[in-house]
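Data block below; observations after.
The values are calculated or read from the model by the stated rules, or taken from the named source; none is laboratory data. This structure is a prediction, so every number in the text was calculated from the model and none was measured. Every residue, glycine as well, gets a Cβ built from its backbone with ideal geometry; the counts of neighbours run over all protein chains shown. Heads up: the accessible areas ignore ligands, DNA and RNA and are worked out on the full protein's heavy atoms, side chains in. Shrake-Rupley method; radii C 1.70, N 1.55, O 1.52, S 1.80 Å.
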Amino acid sequence: MSKEIRAGIVGCGGIANSHVKGYLENEAVIAGVFDVNSESSSALAGETGAEVFESFESMLKSGKIDVISVCTPPVAHEGVAVAALTSGISVLLEKPMANDIESGRAIVAAAAESDAVLMPAFRHRFLPALQRMKTLVDEGFIGAPVLFQNVFCGPAFGMKDKWFTKKAIAGGGCVLDTSSHSVDLFRFLFGEVVEQKSVTHAHFEGTDVEDAGIITVKAENGAVGTMSSTFVAGDGIAFVDAMGQDGRVVYDYLNPTELRLRKRGEEWKTESVETGNGGFAAEIKLFLDAVAKGTEPAVTANDAVRCLEVIINAY
């Protein structure tokens, strides 16, 4: 990837660091940063040599940026993404794509009117283990898909005092934040969601979103799935389990270099997999390739909208 690709980062919190590393691994330049917290933008600029902008609008109008990553809280996604797309600047948009369906659809509408690329940032798809799982499912290793199980949970009690548990900023709680990846992985592996049910609960006092929830879904092919998430678990659990009539593939994030496989009636086997640096570099490579070619990326705006619709329907 040419050094001429100049990336801007809007929102300089924790996730921005992973985007920065992904761009640098693809030989892009971090040319500009902006955050409403000037200390955050200054810190990231100090690490990357990027220019600090006083607003995202000034960044977009500067002529110094080719693409941006939107790493802000969800409430700000629409404003930044629509402005960028309208300006002809391609957007890598962190999940969830917005804090409500109307905002998500407004972003998609702006993309439809722009020559720029819009790509949702579902980085779990790009983990080598999940790419391998996708290949195994598609090639029929598990046979007809039957059951998808996924849990992303752990002791994240500090979320109570962060924007992640403020509906006006986040749009929802752990289900919108964490299970966005889960819904995307179900659709990635097993297909479109055609039916769903859910339960949620708030254990934190003084918050207005859920901190524990389960979504159950059904795909067009009849496969069913459960997706669980919580901020208040006493132990960390993170896995994806894809089971069919002929076999099963399991990825445990706590054992990130192993993928476990089993054919019906046979012993378990283990395949070694790369960690893929969290999937960010591969995700950004796909994004930059799509920008260079002017084509729609394999992860589409519709993927982001459908994920958002499933989550909002859960509420």
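Tabulated values for the structure
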| quantity | calculated |
| --- | --- |
| Meets criteria (closer than 25 Å to Ala170 by Cβ, in contact with an Asp or Glu (Cβ under 6 Å, 6 or more places away or on another chain) and not in a strand (DSSP E or B)) for Ala16 | no |
| Qualifying residues in region 250-269 (those that are touching a Ser or Thr at 6+ places or on another chain (Cβ under 7 Å) and not in a strand (DSSP E or B)) - the one most open to solvent (accessible area, probe 1.4 Å) | Thr257 |
| Output for region 57-74, where each listed residue is of a type in the set (A, V, I, L, M) and either touching an Asp or Glu at 6+ places or on another chain (Cβ under 9 Å) or closer than 15 Å to Ser41 by Cα (or both) | Met59, Ile68, Val70 |
| Residue tally, condition of a type in the set (Gly, Ala, Ser) and either surrounded by 15 or more Cβ atoms within 10 Å (Cβ to Cβ) or within 20 Å of the chain's Cα centre (by Cα) (or both), over region 136-167 | 3 |
| Strands (runs of 3 or more DSSP E) contained in region 31-135 and holding at least 2 residues under 25 Å from Met159 (Cβ atoms), of a type outside the set (Val, Ile, Thr) and open to solvent by 10 Å² or more (accessible area, probe 1.4 Å) | none |
| Count - residues of region 271-287 that are part of a helix (DSSP H, G or I), more than 11 Å from Arg125 (Cβ to Cβ) and in contact with a strand residue (DSSP E or B) (Cβ under 8 Å, 6 or more places away or on another chain) | 2 |
| In region 188-221, residue farthest from Ala144 (Cα to Cα) [restricted to those that are among the charged types (D, E, K, R) and surrounded by fewer than 19 Cβ atoms within 10 Å (Cβ to Cβ)] | Glu205 |
| Test set (1) part of a helix (DSSP H, G or I); (2) open to solvent by less than 10 Å² (accessible area, probe 1.4 Å); (3) touching a residue at least 60 places away in the same chain (Cβ under 8 Å) - Gly172 fails condition number | (1) |
| Residue match in region 243-251 (condition: over 15 Å from the mean Cα position of the chain (by Cα), polar (S, T, N, Q) and modelled with pLDDT of 95 or more) | yes |
| Residue match in region 289-307 (condition: open to solvent by 50 Å² or more (accessible area, probe 1.4 Å), among the charged types (D, E, K, R) and touching a Lys or Arg at 6+ places or on another chain (Cβ under 9 Å)) | no |
| Residues satisfying the stated conditions in region 230-242, i.e. open to solvent by less than 60 Å² (accessible area, probe 1.4 Å) and either within 24 Å of Arg187 (Cβ to Cβ) or of a type in the set (Phe, Trp, Tyr) (or both) | Thr230, Phe231, Ala238, Phe239, Val240, Asp241, Ala242 |
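Listed here are the residues, each with its yes/no results for (1) closer than 26 Å to Asp211 by Cβ; (2) β-branched (Val, Ile, Thr); (3) touching a helix residue (DSSP H, G or I) at 6+ places or on another chain (Cβ under 8 Å).
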{"residue": "Ser103", "(1), (2), (3)": "yes, no, yes"}
{"residue": "Ala106", "(1), (2), (3)": "no, no, yes"}
{"residue": "Ala111", "(1), (2), (3)": "no, no, yes"}
{"residue": "Ser114", "(1), (2), (3)": "no, no, yes"}
{"residue": "Gly140", "(1), (2), (3)": "no, no, no"}
{"residue": "Pro145", "(1), (2), (3)": "no, no, yes"}
{"residue": "Asn150", "(1), (2), (3)": "yes, no, yes"}
